[in-house]
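Student: I have a structure here, written as structure tokens, and I will follow up with some questions on it.
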Amino acid sequence: MAAAAPEGDPAPTDGSLPPAALRGLGDRPFGVYVHVPFCATRCGYCDFNTYTAGELDSSASPQSWLAGLRQELDLAAQVLGTPPAADTVFVGGGTPSLLGADGLSQVLDAVRGVFGLAEGAEVTTESNPESTSPEFFAGIAEAGYTRVSLGMQSAARHVLAILDRTHTPGRAVAAAREARAAGIGHVNLDLIYGTPGERPSDLAASLDAVLEAGVDHVSAYSLIVEDGTALARRVRRGELPMPDDDVLADRYEQVDAALVAAGLHWYEVSNWASDDAARCRHNLGYWLGGDWWGAGPGAHSHIGGIRWWNVKHPARYTELLANGTSPAAARESLTEADQRLERVLLELRLSEGLPVEALTPAAQAEAHSAAGDGLLDPTALTSGRCVLTPRGRLLADAVVRRLT
């Protein structure tokens, strides 16, 4: 995963990990995340670590990035000793589909060559509908990709315009059908709700389009106005209103009702799947405290309670690796308290919830109070699990604060 880098301690230049972190490696779920930092254009709401060709000039390219990726994967093999086979691989970004089927095949070959793939491994790539085609999907299916996640965001033209999305409203649905026809086993569509100017009818049309596409997984996220983005500047200038919390809650309930009626059920607050096989196993690895190696500029990794993150700029990333140095910018050792906090934060968002025994005695008492307030399921609580109610999902962050 790639995200904003927190403060941390200096990372060893050779990338080495303490023996305690490597203990049990392979006993926990193990995934590989690959961050592709390239985009054709920058969406106004996006604060991910991505770059357009104009922003990079000649300082970095897909070719130099791929060379750096291979070097980082070789470094991973040295650091981990005998790397476990990858249960999941997730190629994200950015816009991985800009690499084409050929480029994505090379990425997977590089991962496979270092880690190998566990039997039945889930292999996902994100894709922008505009940079896909039937030939693209046939190519990645042949390469070994089993899952594709397509950024749809909305079926309403004026909503896409506010988000600075470049694809036409119907392209995401067509791309999802092409992926299924090519034999990709699992197809996800991403939605964003709560964009200024979005009406309930716009979201209803988007949901109808998603269901028409016949996908087995949907991710739906409320619009967040991130500092430093073009969208934030428009809100600050008064051109657009800040998304309203009550409207966002209404939109979430609209999403959930439509998807549940169509046979897709929530398994994480922002994710719905048709059955257990359609759930994103890679993301479940994050939410359940697994291990993963994140390769690429700005990517985060976690092995045995040690978390680190790479330098963000692609040119600096490849330069460090070319010089035989780890691209890690910094790292942190998670204390028991850190790990307990993160467990509550992440597992509580899952439909299976969090074991009550994972809470402190004070937090267990607070859980019963939260159940009384209609935020946790009282029946599940009696069975030893903290499970969010529909109202609790709307206030998940507040529930986490009460239990930590």
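Student: If we keep just the residues of segment 321-360 that are touching a Ser or Thr at 6+ places or on another chain (Cβ under 7 Å) and farther than 25 Å from Ser383 by Cα, which is least open to solvent (accessible area, probe 1.4 Å)?
Tutor: Only one residue fits best here, namely Ser326.
Student: Looking at segment 264-279 only, could you name the residues that are over 20 Å from Leu376 (Cα atoms) and in contact with a helix residue (DSSP H, G or I) (Cβ under 9 Å, 6 or more places away or on another chain)?
Tutor: The answer is Leu264, and nothing else.
Student: Is it fair to say Ala363 is in a helix (DSSP H, G or I), out of contact with any helix residue (DSSP H, G or I) (no Cβ under 7 Å at 6 or more places or on another chain) and open to solvent by less than 20 Å² (accessible area, probe 1.4 Å)? First the steps, then the outcome.
Tutor: Details: in a helix (DSSP H, G or I): yes; out of contact with any helix residue (DSSP H, G or I) (no Cβ under 7 Å at 6 or more places or on another chain): yes; open to solvent by less than 20 Å² (accessible area, probe 1.4 Å): yes.
Here the answer is yes, as Ala363 does meet what is asked.
Student: Any residue in segment 247-263 that is of a type outside the set (Ser, Thr, Tyr), closer than 24 Å to Ala175 by Cα and outside any helix (DSSP H, G or I)? I'd like the intermediate steps shown before the answer.
Tutor: Narrowing segment 247-263 to residues of a type outside the set (Ser, Thr, Tyr): 247-251, 253-263.
Imposing the further condition that a residue be closer than 24 Å to Ala175 by Cα reduces the set to 255-256, 258-263.
Applying the additional criterion that residues be outside any helix (DSSP H, G or I) yields 262-263.
Scanning segment 247-263, I find at least one residue that is of a type outside the set (Ser, Thr, Tyr), closer than 24 Å to Ala175 by Cα and outside any helix (DSSP H, G or I), so the answer is yes.
Student: Still on this structure, please answer the following. Determine whether segment 200-209 contains at least one residue that is aliphatic (A, V, I, L, M), under 25 Å from Phe90 (Cα atoms) and open to solvent by 10 Å² or more (accessible area, probe 1.4 Å).
Tutor: Within segment 200-209, not a single residue is aliphatic (A, V, I, L, M), under 25 Å from Phe90 (Cα atoms) and open to solvent by 10 Å² or more (accessible area, probe 1.4 Å).
Student: Among (1) modelled with pLDDT of 95 or more; (2) in a loop (DSSP other than H, G, I, E, B); (3) closer than 28 Å to Ser105 by Cα; (4) aliphatic (A, V, I, L, M), there is one condition Ala40 misses while meeting the rest; what is its number?
Tutor: (1)
Student: Let me ask something else about it. Regarding segment 319-338, can at least one residue be identified that is in contact with a Pro (Cβ under 8 Å, 6 or more places away or on another chain), in contact (Cβ under 8 Å) with a residue 60 or more places away in the chain and part of a helix (DSSP H, G or I)?
Tutor: Yes, that holds for at least one residue.
Student: Further question: Of all residues in segment 78-102, how many are out of contact with any strand residue (DSSP E or B) (no Cβ under 9 Å at 6 or more places or on another chain) and closer than 26 Å to Thr132 by Cβ?
Tutor: Of segment 78-102, the ones out of contact with any strand residue (DSSP E or B) (no Cβ under 9 Å at 6 or more places or on another chain) are 78, 81-82, 100-102.
In the following step, the residues that additionally are closer than 26 Å to Thr132 by Cβ were identified as 100-102.
Total meeting the criteria: 3.
Student: Quick check on my filter: what residues within segment 1-36 are surrounded by 15 or more Cβ atoms within 10 Å (Cβ to Cβ), under 18 Å from the mean Cα position of the chain (by Cα) and at pLDDT below 95?
Tutor: Met1, Ala2, Ala5, Pro29 - these are the residues of segment 1-36 that are surrounded by 15 or more Cβ atoms within 10 Å (Cβ to Cβ), under 18 Å from the mean Cα position of the chain (by Cα) and at pLDDT below 95.
Student: If the requirement is being more than 20 Å from the chain's Cα centre (by Cα), under 15 Å from Leu17 (Cα atoms) and at pLDDT 95 or above, which of these qualifies: Gly304, Gly294?
Tutor: Result of the check over Gly304, Gly294: Gly304.
Student: State all residues of segment 81-132 that are among the polar types (S, T, N, Q), within 21 Å of Pro29 (Cα to Cα) and surrounded by fewer than 19 Cβ atoms within 10 Å (Cβ to Cβ); if no residue qualifies, say none.
Tutor: Of everything in segment 81-132, just one residue is among the polar types (S, T, N, Q), within 21 Å of Pro29 (Cα to Cα) and surrounded by fewer than 19 Cβ atoms within 10 Å (Cβ to Cβ), namely Thr82.
Student: Something else about it: Which of the residues spanning segment 42-63 are exposed (fewer than 15 other Cβ atoms within 10 Å of the Cβ) and either within 20 Å of Asp74 (Cα to Cα) or polar (S, T, N, Q) (or both)?
Tutor: Thr52, Ser58, Ser59, Gln63
Student: Residues Gly238, Gly183: which one is within 28 Å of Asp276 (Cβ to Cβ), open to solvent by 20 Å² or more (accessible area, probe 1.4 Å) and part of a loop (DSSP other than H, G, I, E, B)?
Tutor: Gly183
Student: Separate question: With the requirement that a residue be open to solvent by 20 Å² or more (accessible area, probe 1.4 Å) and not in a helix (DSSP H, G or I), what does segment 133-157 give you?
Tutor: Scanning segment 133-157 gives Ser133, Gly144, Thr146, Ala155.
The values are calculated or read from the model by the stated rules, or taken from the named source; none is laboratory data. What you see is a predicted model; the values in this text were computed from it and never measured. Because the Cβ atoms are built from the backbone with ideal geometry, glycine has one as well, and the counts that use them run over all protein chains shown. We work out accessible area using only protein heavy atoms, side chains counted, and drop any ligands, DNA or RNA first. Shrake-Rupley method; radii C 1.70, N 1.55, O 1.52, S 1.80 Å.
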